[in-house]
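One structure is given below, encoded as structure tokens.
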Amino acid sequence: MDNHAEVVETHSATVFFVGDRAYKLKKPVDLGFLDFRSRGARSAVCHREVELNRRLAPDVYLGVADVHDPDGRVCDHLVVMRRMPAHRRLAELVRTGAPVDDHVRHIAHRVAAFHAGSPRVAMADEEAGVDATQRRWETNTSTLRQTAPGAFDPEQVELVQHLADRFLDGRRPLFDERISRGRAVDGHGDLLADDIFCLDEGPRILDCIEFDDRLRMGDGLADAAFLAMDLEHLGRPDLGNRFLDAYREHRGDVWPASLAHHHIAYRAQVRAKVSAISAAQGNPEALPEARALLDLAAHHLEQGRVRLVLVGGLPGTGKSTLARGLSERLDVLLLRSDEVRKELAGLPVDEGAPAPFGEGIYSSASTDQTYATMLARAETALGMGETVLIDASWTSEALRRRARALAAKSDADLVELHCDAPASIAHDRIRRRLADAADASDATPAIARAMGAMQAPWPEATTIDTTVDATEALAIGLQHLRQPSAQRATAPD
């Protein structure tokens, strides 16, 4: 171990490294979210730090020492720790390109076991909820606005807050469900690669949040997301993904991708705030880092947008081919009207049920029931953070209005894609499909013509010409779905 003397400063403490020991002195500062100005407060927080961090690193946190002035009076306090080898710091291993996959798995296992053993407390349940999460976002945004005026692009600060609010406003069922499943924990609160040491006998995870219990509490995924964010910030998003995958496996948990994106974004905003405070204290390197972290928050909020996607068009226009391609490339729930219609009729999806236009299971009443069922299922899934893609003809403007109302109610982005092909090509496709007898659709060229005569204009949709190669059509659809929210037109009321 390197035992040379060293001093390291953070926004709230100074750490002295001497021999095989590290001594942490709390700064007498008031940063809004912590207040260490009184010696009594510093004493209490030092003892609390030792108590809490012994949960994950009992052999590292040795105790609290008093500091005496020249007259022998106690004037301050130090957290006393066993000094960790700097070259075994996870952040240093990542920066130098050392192999860390095994270490990351061990850390995920340790964090998952720690969360599994966390007692369930009312405060954790409260902090894992939508209201508390929204309050923390707003507090951070307020700090970003005030700490370093002009340091950030104001539009970026507000976009991050807007996207976070939009996700939370529509996802209360998801947050409530996770709380009911016991996913709220008294966690670490500040899982950073700089504070994790990969020793031969296993990881040592240091420096949890000790000054505010509420900031340590919440969804276990939100706690784990801190390290996933930090690994990505270090240039290794692949390691962040592997860490979350291993955590999920060891914890026996499941979640929609949108929720992981949201919590990673929140952790990036937290670190942006901390870096902004450091910049205000005179650290010139902190401001570029703060901006990069805020950009990372915006990126994950964009990636985690919940969407309701309508893929429509007449029979034979390639809408189901496009819908399948999109669902295979994206993490979405695919609802197909032809399959739901058969399900509601009590028929296997591959069993034919041919009927003249507007009759049998294709009557107007059956069609209304099919769309109502799909929209009801979509509403549930959207509330749980799932993006939903509905493959149907969408020839009726009244049905489209119902879908738009659902998207607005669920605070989900609405994407409308209209597949189009000349009638001659569409009818050839229909004939081939009927000959194969391997699809849920019973449409014939005659039915397609009848539907076309009744099709209402769809100016709100992006029209995709499906006479191009299927790969090209898929690329167009993916490009539209991945448009940043700032570039997407607002759906009409």
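The values are calculated or read from the model by the stated rules, or taken from the named source; none is laboratory data. Since the model is a prediction, treat every value here as computed from it, not as a measurement. Note: ideal-geometry Cβ built from the backbone for every residue, glycine included; neighbour counts use all protein chains shown. Ligands, DNA and RNA are stripped out before the accessible areas are found, and what is left, the full protein with its side chains, is counted by its heavy atoms. Shrake-Rupley method; radii C 1.70, N 1.55, O 1.52, S 1.80 Å.
Show me the three semi-axes of the equivalent ellipsoid for the chain, from the C-alpha gyration tensor (sqrt of 5 times each eigenvalue), largest first, rounded to whole Å.
55, 21, 20
Could you tell me how many degrees, from 0 to 90 and to the nearest 10, lie between the Cα long axis of helix 101-116 and the main elongation axis, the longest principal axis, of the Cα atoms of the chain?
With rounding to tens, the tilt is 90 degrees.
In square nanometres, what is one fourth of the surface area of the convex hull spanned by the alpha carbons of the stretch 327-386?
4.7 nm²
Per residue, how many Å² of accessible area does the chain show with a 1.4 Å probe?
Dividing the accessible area of the chain by its residue count gives 44 Å².
Rounded to a whole number, what % of the accessible area of the stretch 196-253 do carbon and sulfur atoms account for, probe 1.4 Å?
Carbon and sulfur atoms account for 40 percent of the accessible area of the stretch 196-253.
Taking the Cα atoms only, what angle lies between the long axis of helix 397-409 and the longest principal axis of the chain, rounded to 10 degrees?
The answer is roughly 10 degrees.
Which whole number of Å³ per residue matches the convex hull of the alpha-carbon atoms in the stretch 1-102?
Enclosed volume per residue, from the Cα hull, is 138 Å³.
Tell me the angle of helix 319-329 to the major Cα principal axis of the chain, expressed in degrees between 0 and 90 and rounded to the nearest ten.
So the inclination is approximately 20 degrees.
So, with a 1.4 angstrom probe, what is the percent of accessible area on the stretch 362-443 that is carbon and sulfur?
Of the solvent-accessible surface of the stretch 362-443, carbon and sulfur hold 52 percent.
Beta carbons within 10 angstrom, averaged per residue: use that to sort the peptides 462-473, 302-313, 275-286, highest first.
302-313, 275-286, 462-473
How long is the gain from Asp368 to Val18 if the chain were fully straight, where each residue apart is worth 0.36 nm and the alpha carbon distance is subtracted? Don't jump to the answer; show the numbers that get you there.
Working: separation 350, 0.36 × 350 = 126.00 nm, distance 7.50 nm.
Difference between extended and current length: 118.5 nm.
What's the center-to-center distance, using Cα atoms, between the stretch 112-126 and the stretch 384-443 in Å?
44 Å
Give a quick list of GluC sites (Glu not before Pro) in the stretch 48-131 that DSSP marks as loop, anything other than H, G, I, E or B, with at most 11 other Cβ atoms within 10 Å.
none
Got a sec? Charge dipole of the chain, +1 on Cβ for Lys and Arg, -1 for Asp and Glu; which of Leu375, Tyr61, Leu334 is way out at the positive end?
The listed residue farthest towards the positive side: Leu375.
In vacuum, with every alpha carbon of the stretch 146-229 counted as one equal point scatterer, what does the Debye formula give for log10 I(q)/I(0) at q = 0.11 Å⁻¹? Two decimals, please.
With one equal scatterer per Cα and no solvent, log10 I(q)/I(0) is -0.47.
Starting from the Cα of His162, step 7 Å along the direction of its Cβ; do the same at Asp439; then give the gap between the two resulting points in nm.
In this crude label model, His162 to Asp439 measures out at 4.0 nm.
Answer with one residue from Met81, Val100, Gly19: the one whose Cα lies farthest towards the positive end of the charge dipole of the stretch 1-104, charges on Cβ with Lys, Arg +1 and Asp, Glu -1.
Checked the options; the winner is Met81.
Would you work out what percent of the accessible area of the stretch 273-315, with all protein chains in place, is carbon or sulfur (probe 1.4 Å)? Walk me through the intermediate numbers first.
Details: 740 of 1480 Å².
It is 50 percent, rounded to a whole number.
Please report, in debye to the nearest 20, how large the charge dipole of the stretch 278-354 is about its Cα centre when each Lys and Arg carries +1 at its beta carbon and each Asp and Glu carries -1 there.
Here the stretch 278-354 has a charge dipole of around 280 debye.
Considering the dipole of the stretch 400-443 built from charges on the beta carbon (Lys and Arg +1, Asp and Glu -1) around the Cα centre, which of Ala423, Ser441, Ala412 is farthest to its positive end?
The Cα lying farthest towards the positive end belongs to Ala412.
If packing is taken as the average count of other Cβ atoms within 10 Å, what order do 261-268, 245-252, 207-214, 184-191 fall into, highest mean first?
Highest-to-lowest ranking by the protection proxy: 261-268, 184-191, 207-214, 245-252.
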